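Below is one structure, written out as structure tokens, with a few remarks after it.
Where a number appears in this text, it was derived from the coordinates with a stated rule and is not lab data. Keep in mind that this is a model prediction, so the values were computed, not measured. Ideal geometry is used to build each Cβ from the backbone, glycine not excepted, and the neighbour counts take in all protein chains shown.
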Amino acid sequence: MKVGVLALQGAFVAHATCLRSLGADPVEVRTPDELAGVDALVLPGGESTTMSMLLESAALFDPVAERVAEGMPTLGTCAGMILLGREILDGRPDQRGLAAVDISVRRNAFGRQVDSFEADLLLRDLPGGPFRAIFIRAPFVERVGAGVEVLATVDGHPVLCRQGRVTVAAFHPELSDDLRFHDHFLKGI
Ligand code: GLN
């Protein structure tokens, strides 16, 4: 079982480090061939406008969209959540999303970099106490379609959702010392 981390831009090294700490051997994905060799994919945080352009220029946009639509286990965090949503609010006019989860996601919804914050989330799938979630220029979900489960909210706004094999988080589990989030993703693959 090979787990890939999309490594075009953003916090991919931190995700790979978490996965490695849990005994996985993550593959950095930058080409369609590398994508073809993985069974699951993490889309990291970073800058979703840049990442969507790089997905196009690396000829990865359509292959990633197809693999995710076919049911590849996928985790998107922050910018990764934005990219995996059906509708991007406050995106660049030409910004494309992968439309894997039927949600409308607003970029920078909690404010700018200075409005970054941490929150304790009680997550049903992660027994053992609250998960400390780090939000950096984070999005939140404004519309949730049928078939999407909301797993956590902050101030009433969905920040963790799942549809089929795709999980999207507005926060950065890869930046905390708590490996339970990645452990749960690996166990679900
Ligand atoms: N605001 C960023 C974007 O629009 C996401 C921030 C992040 O991934 N930490 O892509």
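From the list Ser116, Ser104, which one is more than 15 Å from the chain's Cα centre (by Cα) and hydroxyl-bearing (Ser, Thr, Tyr)?
Ser116
Yes/no matrix, rows are residues, columns are (1) within 15 Å of the chain's Cα centre (by Cα); (2) more than 12 Å from the ligand (Cβ to nearest atom); (3) touching a residue at least 60 places away in the same chain (Cβ under 8 Å):
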position	(1), (2), (3)
Ser21	no, yes, yes
Leu60	no, yes, no
Ala65	yes, yes, no
Arg112	no, no, no
Leu121	no, yes, no
Problem - From the options Val144, Val114, residue that is of a type outside the set (S, T, N, Q), out of contact with any strand residue (DSSP E or B) (no Cβ under 9 Å at 6 or more places or on another chain) and over 21 Å from Arg20 (Cβ atoms) - result: Val114
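Yes/no per residue for (1) on the phi > 0 side of the Ramachandran plot; (2) surrounded by fewer than 19 Cβ atoms within 10 Å (Cβ to Cβ):
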site: Ala65; (1), (2): no, yes
site: Val68; (1), (2): no, no
site: Gly71; (1), (2): yes, yes
site: Gly76; (1), (2): no, no
site: Leu83; (1), (2): no, no
site: Asp94; (1), (2): no, yes
site: Ala99; (1), (2): yes, yes
site: Asp102; (1), (2): no, yes
Problem - From Asp102, Asp94, residue being within 16 Å of the ligand (Cβ to nearest atom) and either closer than 22 Å to Glu174 by Cβ or not small (Gly, Ala, Ser) (or both) - result: Asp94
